[in-house]
1. Can you find, within region 129-156, the residue that is nearest to Ile171 (Cα to Cα) among those that are aliphatic (A, V, I, L, M), out of contact with any Lys or Arg (no Cβ under 9 Å at 6 or more places or on another chain) and crowded, with 20+ Cβ neighbours inside 10 Å?
2. Starting from region 61-79, keep only residues that are not assigned by TED's automatic domain parsing to the domain that holds Ile184, then list their pairs with residues that are surrounded by 13 or more Cβ atoms within 10 Å (Cβ to Cβ) and among the basic types (Lys, Arg) whose Cβ atoms are within a distance under 6 Å, requiring at least 6 positions of separation or different chains.
3. Residues that are within 30 Å of Tyr62 (Cβ to Cβ) and either assigned by TED's automatic domain parsing to the domain that holds His183 or modelled with pLDDT under 90 (or both): does region 109-118 have at least one?
4. Name the residue that is nearest to Gly185 (Cα to Cα), counting only residues in region 38-77 that are acidic (Asp, Glu) and in a helix (DSSP H, G or I).
5. State whether the residues of region 14-33 include one that is assigned to a helix (DSSP H, G or I), touching a helix residue (DSSP H, G or I) at 6+ places or on another chain (Cβ under 8 Å), over 30 Å from Arg170 (Cβ atoms) and among the basic types (Lys, Arg).
6. Filter region 122-148 for residues that are at negative phi, in contact with a helix residue (DSSP H, G or I) (Cβ under 8 Å, 6 or more places away or on another chain) and part of a loop (DSSP other than H, G, I, E, B) and give the result.
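The values are calculated or read from the model by the stated rules, or taken from the named source; none is laboratory data. Every value quoted in this text rests on a predicted model; they were computed, and no experiment measured them. Neighbour counts are summed over all protein chains in view; Cβ atoms, including those assigned to glycine, are modelled from backbone coordinates with ideal geometry.
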Amino acid sequence: MKHRDATPEEAALRAQRQHDNYIKHRPQRIEKATQYAVEHKDEVQKRNKEWSSANREHLRAYHRAYRMSDAPGAIRMRAMQAAYVVKWRKSHPEAADKHRARQAARRAKGAHTEIVTMAQALFDALDMCHLCGHQIASASEAELDHVVPLACGGLHIRSNIAPAHAVCNRIKRGLHPDKIPPHIGERFRKVAPDGLQRADRGQSAAISQRAVR
């Protein structure tokens with residue numbers, strides 16, 4: 001009987017047999033593939049490079065999705081990157097400030113901008129982090145965040161800028177407020193110390209809505 005004429009039950013049984021056979025011979029397959037890669041190193045590298053060049057957008061989308069996932073490797077990678085960035089900014093404060101200024105200028109190129117200070121942003125938000133909803137104890141632990149990121153079409157104007165804890169801002173990165181995954185939202189709820197007061201539940205949403213308008 002041809003495979004295309006098989007019933008769903010027969011197709012499922014055939015797929016299960018193939019899976020069992022793969023699991024049974026997996027070590028031998030891996031050993032054979034490794035040996036081939038070693039013996040044909042240049043050929044394998046050339047083929048992989050050609051495939052990567054032809055599927056660049058697919059690879060970018062795949063790696064972007066992986067970095068935002070809950071996979072253990074992705075979580076460790078984000079933690080290592082965040083720790084490195086914090087360490088570098090502390091050891092190179094002037095270079096870090098210049099880098100942030102260049103980023104903001106590049107993303108806001110051609111767009112209407114306003115000068116917004118931390119004092120203004122804290123006043124508008126009642127000294128609350130617009131991401132986790134907890135109180136910001138001092139301006140030194142806060143950063144100005146674009147509610148709708150510049151990369152997503154947001155503007156560098158007062159209605160689109162809100163204060164956030166530095167750690168919350170690192171967690172959010174360049175995500176649009178309407179596209180923040182549940183696991184990222186959960187990290188916002190866990191990040192603040194137990195002793196801080198929780199902001200009014202509608203406040204973060206109100207700031208986001210204000211920016212969208």
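1. Step one: of region 129-156, the residues aliphatic (A, V, I, L, M) are 131, 136-137, 139, 142, 144, 147-148, 150-151, 155.
Next, only the ones that are out of contact with any Lys or Arg (no Cβ under 9 Å at 6 or more places or on another chain) stay: 136-137, 139, 142, 144, 148, 155.
Applying the additional criterion that residues be crowded, with 20+ Cβ neighbours inside 10 Å yields 136, 142.
Values: Ile136: 16, Ala142: 13 Å.
The selected residue is Ala142.
2. Close Cβ pairs satisfying both conditions: Ala74/Arg67.
3. Looking only at region 109-118, we keep the residues that are within 30 Å of Tyr62 (Cβ to Cβ), and these are 109.
Now narrow it down to the ones that are either assigned by TED's automatic domain parsing to the domain that holds His183 or modelled with pLDDT under 90 (or both): 109.
The answer is yes, given that some residue of region 109-118 is within 30 Å of Tyr62 (Cβ to Cβ) and either assigned by TED's automatic domain parsing to the domain that holds His183 or modelled with pLDDT under 90 (or both).
4. Going through region 38-77, the residues acidic (Asp, Glu) turn out to be 39, 42-43, 50, 57, 70.
Subsequent filtering for residues that are in a helix (DSSP H, G or I) retains 39, 42-43, 50, 57.
Working: Glu39: 48, Asp42: 45, Glu43: 45, Glu50: 39, Glu57: 27 Å.
Applying the filter and picking the extreme gives Glu57.
5. Step one: of region 14-33, the residues assigned to a helix (DSSP H, G or I) are 14-24, 26-33.
Then drop every residue that is not touching a helix residue (DSSP H, G or I) at 6+ places or on another chain (Cβ under 8 Å), which leaves 14, 22, 29.
Checking which are over 30 Å from Arg170 (Cβ atoms) leaves us with 14, 22, 29.
Okay, now just the ones that are also among the basic types (Lys, Arg), so 14, 29.
Among the residues of region 14-33, at least one is assigned to a helix (DSSP H, G or I), touching a helix residue (DSSP H, G or I) at 6+ places or on another chain (Cβ under 8 Å), over 30 Å from Arg170 (Cβ atoms) and among the basic types (Lys, Arg), which makes the answer yes.
6. Once the filter is applied, which keeps residues that are at negative phi, in contact with a helix residue (DSSP H, G or I) (Cβ under 8 Å, 6 or more places away or on another chain) and part of a loop (DSSP other than H, G, I, E, B), region 122-148 yields Ala125, Cys129, His130, Leu131, Cys132, Ile136, Val147, Val148.
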